[in-house]
Amino acid sequence: YNITPKDAITLAFLYKVANEDNSADIEYFDYTPNSKANLEAYTLRTDREFEDESNLEYNLAYKKTFHVPEHNLTMDWRFRESTETEGSDLVETFFNGNYEILSIAPLLQRSGNTEGEKSWVGTLDYVRPMIGKAKFETGLRASFREVTNDYLVEENNGGLWESLEGFSNNFLYDENILAAYMQFGQELDAFSYQLGGRVEHTDLATSFIGDANTNQQTYTNFFPSAALSYKFSEKDAFQLS
């Protein structure tokens, strides 16, 4: 929507769903040591998997253009949410070397995994051309992200489904990043350069539900940048960054 000839708002929406059914058969051949002539045992493991996924995304943007070309201010806000649920039914059947089913009961297992992610990202960017083919740019960025992963593996034992420790876990990940940048560039005939820097403050937290395994980190980093370019002709140039 064009509020004025120099002010515009954009709203975008995306929704996507996906459903998958997969199957896999894994075969194991056990031979007499140092010989492939005598098959001692054969095992067949079947995996029947389903996967359901959905993605939702909103995007709101604003752009203001000033009188000078390429002089503009842009703001962007984006929200994204995704969920994915998948599971497998696993059956492991045992045979002898003649491919005859053994009296051993098949191994029955099942797994389930639910993943979720939410993220919010906001940016503010300002670009201003200056005298002498120079350009100044600055901006802010805020990113907030939450991830959950609940994974469960079970095995059938005498008709009862029991959780397998060491395979099952519930993991949480939380990430917050605040950033600001500034850069200046200029063209001087065949030579051009660009100098800038970005500072980021990061706050991370991870944890496994059900035990004391947690981790939290907070740190701030500065990233300088520089680029030099020389144009030999319209088709050849050298750049160092």
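List pairs: first residue in segment 1-21 and within 16 Å of Ala61 (Cα to Cα), second residue charged (D, E, K, R) and part of a strand (DSSP E or B) anywhere in the structure, Cβ distance under 7 angstrom, at least six positions apart or on different chains.
Lys6/Lys64; Asp7/Lys64; Ala8/Lys63; Leu14/Glu57
Between Phe50, Phe29, which is farther than 28 Å from Arg145 by Cβ and part of a strand (DSSP E or B)?
Phe29
Within segment 221-235, which residues are surrounded by 11 or more Cβ atoms within 10 Å (Cβ to Cβ) and closer than 25 Å to Leu124 by Cα?
Listed by number, the residues that qualify are Phe223, Ser225, Ala226, Ala227.
Counting just the residues of segment 173-219 that are of a type in the set (A, V, I, L, M) and under 17 Å from Val147 (Cβ atoms), which one comes out most open to solvent (accessible area, probe 1.4 Å)?
Step by step, filter segment 173-219, then rank; the result is Ile209.
Examine segment 111-122 for a residue that is among the aliphatic types (A, V, I, L, M), open to solvent by 40 Å² or more (accessible area, probe 1.4 Å) and touching a residue at least 40 places away in the same chain (Cβ under 8 Å), and state whether such a residue exists.
No, there is no match, as no residue in segment 111-122 is among the aliphatic types (A, V, I, L, M), open to solvent by 40 Å² or more (accessible area, probe 1.4 Å) and touching a residue at least 40 places away in the same chain (Cβ under 8 Å).
Given Glu154, Glu175, Glu200, which one is within 30 Å of Glu92 (Cβ to Cβ) and either modelled with pLDDT under 90 or in a strand (DSSP E or B) (or both)?
Checking each option against the conditions leaves just Glu154.
The values are calculated or read from the model by the stated rules, or taken from the named source; none is laboratory data. Keep in mind the model is a prediction, meaning the values are calculated, not measured. So basically every Cβ, Gly included, is an ideal-geometry build from the backbone, and we count neighbours across all protein chains shown. Accessible surface areas use protein heavy atoms only, side chains included; no ligands, DNA or RNA. Shrake-Rupley method; radii C 1.70, N 1.55, O 1.52, S 1.80 Å.
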